[in-house]
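These notes are about the structure you will find just below.
The values are calculated or read from the model by the stated rules, or taken from the named source; none is laboratory data. Keep in mind it's a predicted model, so treat the numbers as computed, not measured. Quick reminder, even Gly has a Cβ in these numbers, built from the backbone with ideal geometry, and neighbours come from all protein chains shown.
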Amino acid sequence: MTLIMGLVTGMIFGALLQQAQVLRFEKQVGAMRLIDMTIVKFMLSAIIVGSIGIHLLADLGMVSFAPRGLSFGLQVVGGLLFGIGWAFLGYCPGTSIGALAEGRYHVIWPILGMLLGGVVFVFLYPWIQAHLRPLGDFGALSVSNLLGVSHWLVIAAIAVGAFFLFRFFEKKGL
Amino acid sequence: MSVQKWYKPYLLGALAGLLLTASVGIAGQFLGTSTTFPRAATWIIDMVGINLEHLEFYQVHGGSLTGAAFPDWQLLFVIGIGVGAFLAARLSGTFKLESLPPMWVERFGDRLGLRIVHSMVGGVLVMVGARMAGGCPSGHGISGVSQLGVSSMLALSMFFVGGIITARLLYQGGKS
């Protein structure tokens with residue numbers, strides 16, 4: 001049952017990504033070149049609705065979750081490495097599979113590259129855990145806990161920020 | 001190809017947010033994809049008969065970071081992305097075979113070898129970076145930021161900082 005739900009969730013997500021055109025190389029590199037903000041619009045819209053949805057479920061006591069652990073070493077170094085590679089590929093892990101499915105078969109090379117990266121990570125894993133994780137390791141920490149405010153205030157702030165960003169994108173035709 | 005309606009990325013993104021909510025509420029699963037790549041890589045290595053089980057990575061969380069975890073929710077989710085994208089592309093007439101990305105060719109020329117080099121370098125950086133940071137634009141970006149995680153906001157910011165700087169270096173002088 002878990003597997004079937006994974007498949008169905010993936011199919012809906014894949015269809016949404018495809019229809020929003022965020023699977024395309026041009027949209028991904030376009031965002032990094034600051035000439036087409038389609039993927040940012042998609043992501044921020046998903047974040048606003050998703051954060052409202054899951055916090056509503058949490059407040060109703062239906063689910064509980066904790067954010068992923070915060071480590072400055074892991075997220076700053078890992079995030080930057082990801083970003084550098086992302087500009088070379090024009091795809092991220094999720095969109096690569098979708099792009100292959102919409103016929104852009106050149107994405108087979110980035111997919112192979114990422115599989116190779118998976119192997120490299122296996123070998124680097126002990127070093128990363130020993131030397132990078134301890135740098136600024138704070139465990140699971142949410143912005144609302146950090147600031148000591150309601151999660152709804154944080155979500156509202158993100159939504160307002162996104163609204164002005166969206167308005168700027170539409171004005172500039174990005 | 002018709003021009004994309006301006007509201008489409010917003011509307012479809014909002015639907016992805018609803019999908020995340022439903023997935024968390026019904027299946028208890030946050031959307032994410034990158035863990036499946038090292039799992040698939042180790043699965044393939046096992047298939048070709050190379051034994052790496054002495055490595056620390058294979059012992060973490062009872063081996064759940066390796067191909068031993070297959071089949072799991074996330075593997076089916078990743079396969080589902082392919083199936084869903086394929087169906088949507090065929091039904092909307094936007095399926096298109098492409099041997100190299102046009103924007104890349106415009107900058108670097110019709111050079112498959114160079115594209116493969118970019119893909120290997122970029123692929124290793126992307127996957128090592130994603131697994132090091134603990135997620136990719138779906139796991140950290142959409143799922144993690146929705147949970148208001150400081151780690152996810154930091155990672156997502158770094159994705160774009162690294163991406164914007166590198167894209168500027170790669171594509172400077174290119175047509176915008």
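Things to note:
- For segment B:40-52, a tally of residues being more than 8 Å from chain A (Cβ to nearest Cβ) and surrounded by 14 or more Cβ atoms within 10 Å (Cβ to Cβ) returns 2.
- As for segment A:140-153, it holds no residue that is more than 8 Å from every other protein chain (Cβ to nearest Cβ), surrounded by fewer than 21 Cβ atoms within 10 Å (Cβ to Cβ) and touching a strand residue (DSSP E or B) at 6+ places or on another chain (Cβ under 9 Å).
- Annotation for segment B:28-41: at least one member residue is without any contact (Cβ under 8 Å) to a residue 12 or more places away in the chain and at positive phi.
- Segment B:141-176, subset more than 7 Å from every other protein chain (Cβ to nearest Cβ) and in contact (Cβ under 8 Å) with a residue 40 or more places away in the chain, residue surrounded by the most Cβ atoms within 10 Å (Cβ to Cβ): B:Ser143
- Flag if A:Ala46 is crowded, with 24+ Cβ neighbours inside 10 Å, part of a helix (DSSP H, G or I) and at the interface with another protein chain (Cβ under 7 Å from one of its Cβ atoms): yes
Yes or no, residue by residue, for (1) surrounded by 19 or more Cβ atoms within 10 Å (Cβ to Cβ); (2) assigned by TED's automatic domain parsing to the domain that holds B:Leu170; (3) more than 25 Å from B:Leu156 (Cβ to Cβ):
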{"site": "B:Pro38", "(1), (2), (3)": "yes, no, no"}
{"site": "B:Trp73", "(1), (2), (3)": "yes, no, no"}
{"site": "B:Ser92", "(1), (2), (3)": "no, no, yes"}
{"site": "B:Gly109", "(1), (2), (3)": "no, yes, yes"}
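- When the criteria are applied in full, B:Met103 meets the requirement of being touching an Asp or Glu at 6+ places or on another chain (Cβ under 8 Å) and surrounded by fewer than 24 Cβ atoms within 10 Å (Cβ to Cβ).
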